[in-house]
Amino acid sequence: MKKLRKYIDKIKPNFEPGGKFAKFQSVFEGFETFLFVPNTTSKSGVHVHDSIDSKRTMTVVILALLPALLFGMYNVGYQHYLAIGQLEATSFFTTFLYGFLAVLPKIVVSYVVGLGIEFISAQLRGHEIQEGFLVSGMLIPMIVPVDTPLWMIAVATAFAVIFAKEIFGGTGMNIFNVALITRAFLFFAYPSKMSGDSVFVRISDTFGMGAGNVVKGFTGATPLGQLATQTSGTVQLTNTVPDAVGNYTEITTWDYFLGLIPGSIGETSTLAILIGAAILLFTGIASWRIMLSVFAGGLAMALLANTFASATYPGSFVTPFDHICLGGFAFAAVFMATDPVTGARTNVGKYIYGFLIGAITIVIRIYNNGYPEGAMLAVLLMNVFAPLIDYFVVGSNIKRRLKRAKKGGTV
Amino acid sequence: MADLVKIKRGLDIPLVGEATKNIQPAAKAEMYAIVPDDFHGVVPKILVKSGDEVKVGTPLMCDKNRPEIKFVSPVSGTVEAINRGERRKVLEIVVKSDDKFDAVKFESLDVNKMEPQAIKDTLLESGLFAFIKQRPYDVIANPEVAPRDIFVTAFDSAPLAPDFEFVAKGEGKALQAGIDALAKLTSGKVYVGVKADSQLALTGCQIVKFKGVHPAGNVGVQIANIAPVNKGEVVWTLSAFDLLLIGRLFATGKLDFSRIITLAGSEVKTPVYVKTVMGASISSIISSNIKEADYNQRIISGNVLTGTKVSAEDYLRAYSKQVTIIPEGDDCNEFVGWATPGCGKFSVSRTYFSWLFGKNKKYNIDARLRGGERGIIMSGEYDSVFPMDILPEFLVKAVIAFDIDKMENLGIYEVAPEDFALCEFVDTSKLPLQQIIRNGLDALMKEMN
């Protein structure tokens with residue numbers, strides 16, 4: 001490592017103002033601090049600092065995303081081979097590899113586009129490169145359907161990074177969750193690629209792997225997709241392929257929980273997401289207040305809807321527990337709502353913010369047939385209201401202080 | 001208000017190198033100095049010149065704007081030099097000691113018979129008034145404004161700080177005299193914040209016990225939990241370590257600036273208590289009790305949270321109760337440190353595997369920032385170490401924007417930079433919060449007066 005350090009020190013002057021490559025200073029610094037923890041010491045203020053920094057924080061979040069991502073890759077392969085009727089003949093490894101190859105290009109595109117813009121804007125501002133996009137760039141491929149074309153991801157990522165983040169001042173200044181803006185952009189610009197029965201299961205081969213024809217009777221509909229198109233009062237959510245005699249078997253709570261169902265890449269397995277949640281909560285990175293209250297809000301609203309279930313809204317027949325296992329609810333609760341920058345920042349505010357996200361997700365899901373899933377819209381909506389919630393919480397603190405001043409003296 | 005206040009939000013940073021309860025006399029110091037920078041907001045007017053004979057208590061300088069506030073020599077001898085820096089700023093006034101500690105005489109100091117004005121005059125004349133600070137603004141108190149209450153913190157909860165009751169052993173009389181003197185300066189109460197297991201027996205004041213983690217010993221936290229400062233009110237604050245100096249004068253009639261401090265930190269060979277005098281040269285305090293090292297070491301006059309970086313050639317700062325030595329860490333190049341398990345790295349979060357070693361493990365933390373400065377990203381970090389009914393993040397943001405209304409509403413009058421020291425320690429974004437608050441207080445004071 002000493003050699004590397006020496007080499008970096010040798011080339012460093014080229015990147016400083018006046019040097020040959022001064023235009024790449026931010027990028028150089030980015031890589032230098034990536035390789036070596038900066039050894040600048042405190043000049044004023046406290047003399048010692050906690051070991052945590054923004055790089056470590058983002059690393060932990062990515063680590064927490066891995067279970068859901070890896071499971072998502074496997075599930076992409078699983079759904080594919082199920083659709084072409086070769087599931088039993090395909091090994092676990094092949095299934096995973098198929099999914100891995102299908103998902104990897106999306107991750108690469110998202111990172112290349114997003115980080116590229118991040119690098120350029122850091123250099124323009126003369127800032128250090130900030131790590132926020134490392135997480136957003138991983139989230140983006142996980143919340144899109146597997147068949148989203150790469151160019152769409154590139155366009156949407158570019159839009160989100162520039163208009164949802166950089167124009168507000170970069171990491172820490174954005175109002176909306178960047179990954180969700182990417183998804184919202186795709187959702188409204190290319191609706192046919194973001195919902196429906198044909199996007200959530202990849203039928204075609206990936207780099208020549210897994211070619212085959214879909215089995216007869218394959219539907220490709222996600223459980224929430226089925227709900228949205230349901231017309232009768234009896235809800236039956238089924239598998240995408242019929243069994244030997246042509247019957248569609250019903251999928252159970254256990255299936256939703258494990259996640260071997262069609263859906264966006266990273267969102268299907270509640271179990272994998274909960275492992276991520278455990279990492280985030282144990283390390284103290286994410287707010288348990290938000291996470292808890294999103295689930296509470298979702299359960300409460302779903303319970304309410306279930307109590308007054310009506311045939312007009314088939315979703316209301318689904319049990320509350322199923323609701324939080326279905327679709328993107330758990331993923332949004334664990335990874336989206338807990339984004340500290342776009343969420344509420346006061347402790348009391350976090351409870352309100354989270355509860356409303358949970359409740360609104362279920363409201364959209366059940367009572368608006370136009371949108372099968374409400375998690376994205378609920379989080380984005382509450383992003384808008386988070387500052388308002390905080391405003392009132394801060395206001396109550398101020399009121400308390402004024403009251404004390406009026407009373408005068410000892411409390 | 002309860003008699004026992006529990007402080008839960010906070011943090012005792014587990015540093016290695018705690019001093020054993022064993023007092024050693026410091027080596028004889030030749031040079032002593034006072035440093036104008038210690039007295040925030042004071043514009044120094046020098047009252048002596050090089051070569052002047054001084055006694056303990058001879059004014060060396062005063063505040064240009066408030067000449068009644070004087071700063072005196074802690075020793076007797078001759079003025080050696082007045083060192084100046086850029087733009088002729090006075091860096092330090094150095095006095096060469098004659099080792100006699102001849103003190104200026106004060107007549108008839110029976111606190112019980114003295115008028116409040118006489119007590120105040122004595123404090124001003126003896127230079128001891130400089131140890132009394134005020135909230136709002138955390139500057140040396142304005143002697144003209146009578147305080148609502150006076151708050152004394154009788155323990156220091158900062159990392160590696162000395163134990164006050166150990167230091168003050170045998171000085172109960174002086175402490176009581178100090179309290180009696182303070183009691184005459186306010187129509188309100190004198191509150192003394194002590195540790196939960198305190199043995200202090202004092203009369204004429206209200207004792208409030210505090211239990212819990214740092215910053216329980218910060219006077220600001222104690223005020224917030226006893227009787228918070230509202231807009232328009234002024235309270236005086238001081239540390240019992242400094243009250244001892246005041247008490248000695250009223251108890252014995254003699255000025256005595258000697259202090260028992262801790263010499264602590266991971267780079268100290270045998271961390272101990274050291275008996276020295278305010279302003280003594282750092283080298284006399286450390287002498288040979290420092291580890292030999294081929295890396296850089298950082299000497300801090302004060303604790304690791306609020307102290308000042310000094311060198312061995314500098315002097316013990318006026319308000320310092322300890323000298324801490326830690327590794328500087330600037331020669332350390334840690335390869336992909338953000339990805340390592342980090343078993344030996346201290347963090348309040350559990351993002352490094354050091355949590356495996358439990359809460360009793362002590363750490364050797366160097367002076368590195370350990371990360372780049374970022375915008376405020378994480379929420380709730382500051383709140384977890386800020387035990388007042390104040391929203392620290394929102395206050396900091398109001399200060400950065402210098403929105404006076406908001407600063408007032410959010411409690412700027414109740415805080416001092418030191419209250420934000422732990423926030424600065426835990427901050428993922430590595431922002432200089434104490435500096436931000438200090439600048440905000442200064443700007444606000446200018447605006448208001």
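Data table
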| read-out | value |
| --- | --- |
| Förster-model FRET efficiency, 56 Å R0, B:GLU373 and A:LYS216, C-beta, rounded to 0.05 | 0.35 |
| With DNA, RNA and ligands ignored, accessible area of A:ILE261 (1.4 Å probe; Å², nearest 10) | 10 Å² |
| Global geometry of region B:34-170, whether rounded, prolate or oblate, following the gyration tensor of its Cα atoms and the 1.5 cut on a/c | rounded |
| Interchain or long-range residues, amide H under 5 Å from B:LYS70's placed H | B:GLY127 |
| Eligible aspartates and glutamates near B:LYS21 by straight Cα distance, threshold 14 Å, same-chain separation 8 or greater | B:ASP163, B:GLU165 |
| Exposed-site-free run, longest, chain B (rule: chymotrypsin sites (Phe, Trp or Tyr not before Pro); DSSP loop; at most 16 other C-beta within 10 Å) | B:107-294 |
| Shielding of B:345-357 by partner chains, average beta-carbon count, 10 Å | 5 |
| Highest-fluctuation residue, B:SER311, B:SER349, B:SER157 considered, GNM on chain B with Cα pairs under 10 Å | B:SER349 |
| Accessible-area order (highest first, 1.4 angstrom probe) of the listed residues B:GLU418, B:GLU86 | B:GLU86, B:GLU418 |
| Sequence-separation-based contact order of chain A, relative, with Cα cut under 8 Å and 6+ spacing, percent | 15 percent |
| Calculated [θ] (222 nm, deg cm²/dmol) that DSSP helices of n ≥ 4 give over chain B, each run adding -39,500 (n - 2.57) | -5500 deg cm²/dmol |
| Environment charge at B:SER320 (Cβ cut-off 9 Å; Lys +1, Arg +1, Asp -1, Glu -1) | +2 |
| Using a Förster distance of 51 Å, the FRET efficiency for A:LEU66-B:LYS105 (Cβ separation, nearest 0.05) | 0.10 |
| Estimated inter-spin distance, B:LYS446 and B:GLU165, nm [label 7 Å along Cα→Cβ] | 4.5 nm |
| Whole-Å semi-axes of the ellipsoid equivalent to region B:383-448 (Cα gyration tensor, √5λ, descending) | 18, 12, 10 |
| Cross-link partners of A:LYS193 among aspartates and glutamates (Cα-Cα below 16 Å; sequence separation of 8 or more within a chain) | A:ASP147, A:GLU373 |
| Residues of region A:48-82 with amide N under 19 Å of the 7 Å Cα→Cβ point at A:MET209 | A:66-82 |
| Added length on full extension, which subtracts the Cα-Cα distance from 0.36 nm per residue, B:LYS362 to B:GLN117 | 83.3 nm |
| Cα-centre dipole for region A:10-100 with unit charges at Cβ (Lys and Arg positive, Asp and Glu negative), debye to 20 | 420 debye |
| Karplus-derived HN-Hα couplings along region A:134-144 (A = 6.51, B = -1.76, C = 1.60, θ = phi - 60°), whole Hz, x at Gly and Pro | 4, 7, 4, x, 7, 5, 4, x, 7, 10, 10 |
| Entries of B:LYS120/B:LYS231; B:LYS169/B:LYS189; A:LYS2/A:LYS165; B:LYS49/B:LYS70; B:LYS211/B:LYS321; B:LYS184/B:LYS275 with Cα pairs more than 27 Å apart | A:LYS2/A:LYS165; B:LYS184/B:LYS275 |
| Using θ = phi - 60° and Karplus 6.51 cos²θ - 1.76 cosθ + 1.60, couplings along region A:104-111 (whole Hz; Gly, Pro as x) | 3, x, 5, 5, 4, 4, 4, 5 |
| Of all DSSP beta bridges in the protein assembly as shown, antiparallel share, percent nearest 5 | 65 percent |
| Reciprocal of mean inverse Cα separation for region B:226-345 (Kirkwood radius, Å) | 16.9 Å |
| Virtual spin-label span in nm between B:GLU68 and B:ALA146, 7 Å along Cα→Cβ | 1.4 nm |
| Cα lying deepest toward the dipole's positive end in region B:361-418, options B:PRO392, B:TYR382, B:LEU369, charges on Cβ | B:LEU369 |
| Share of Cα-Cα pairs in chain B lying beyond 41 Å, as whole percent | 14 percent |
| Distance between region B:360-375 and region A:217-277 - C-alpha centres, whole angstrom | 47 Å |
| Amide hydrogen neighbours beyond the local backbone of B:GLN206, cut-off 5 Å, H modeled | B:VAL190, B:TYR191, B:VAL192 |
| Fraction of antiparallel bridges per DSSP, region B:4-252 only, in percent to nearest 5 | 55 percent |
| log₁₀ of I(q)/I(0) at q = 0.13, 0.20, 0.21 Å⁻¹ - region B:285-427, Debye sum with one point per alpha carbon | -0.79, -1.32, -1.34 |
| J(HN,Hα) series, region B:203-210, from Karplus relation 6.51 cos²θ - 1.76 cosθ + 1.60, nearest Hz, glycine and proline x | 10, x, 8, 9, 8, 10, 8, 10 |
| Stokes-Einstein translational diffusion, region A:286-402 - Kirkwood Rh over all Cα pairs, 1.306 mPa s, 10 °C, in µm²/s | 111 µm²/s |
| All aspartates and glutamates inside 16 Å of B:LYS96 as judged from Cα atoms, apart from same-chain residues fewer than 8 positions distant | B:GLU30, B:ASP52, B:GLU53, B:GLU80, B:GLU313, B:ASP314 |
| Interchain or long-range residues, amide H under 5 Å from B:LEU15's placed H | B:TYR363 |
| Lys, Arg +1 and Asp, Glu -1 on Cβ, resulting dipole of chain B about Cα centre, debye, nearest 20 | 540 debye |
| Value of Rg/Rh across the protein assembly as shown [Cα atoms, Kirkwood radius] | 1.07 |
| For residues of B:297-308, the mean tally of beta carbons on other chains within 10 Å | 2 |
| Residue-span extension gain [A:LEU4 to A:TYR371] - 0.36 nm each, minus C-alpha spacing | 126.8 nm |
| Summed residue charge, Cβ within 15 Å of B:GLN176's Cβ, Lys/Arg positive, Asp/Glu negative | 0 |
| Packing rank of B:284-294, A:217-227, A:120-130, where each peptide gets the mean count of other beta carbons within 10 Å, highest leading | A:217-227, A:120-130, B:284-294 |
| 14 Å beta-carbon shell around B:LEU185, net charge (K/R +1, D/E -1) | 0 |
| Percent antiparallel among DSSP beta bridges (both partners in chain B, rounded to 5) | 60 percent |
| Spacing of the two label points (7 Å from each Cα toward its C-beta) at B:PHE402 and B:TYR295, in nm | 4.1 nm |
| R0 of 35 Å, Cβ-Cβ distance A:ALA278-A:VAL245: FRET efficiency to nearest 0.05 | 0.25 |
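The values are calculated or read from the model by the stated rules, or taken from the named source; none is laboratory data. All values derive from a computational prediction rather than experimental measurement. All Cβ positions, even for glycine, are placed from backbone atoms using ideal geometry, and neighbour counts span all protein chains on display. The area values use the complete protein model at the heavy-atom level, side chains included, leaving out ligands, DNA and RNA. Shrake-Rupley method; radii C 1.70, N 1.55, O 1.52, S 1.80 Å.
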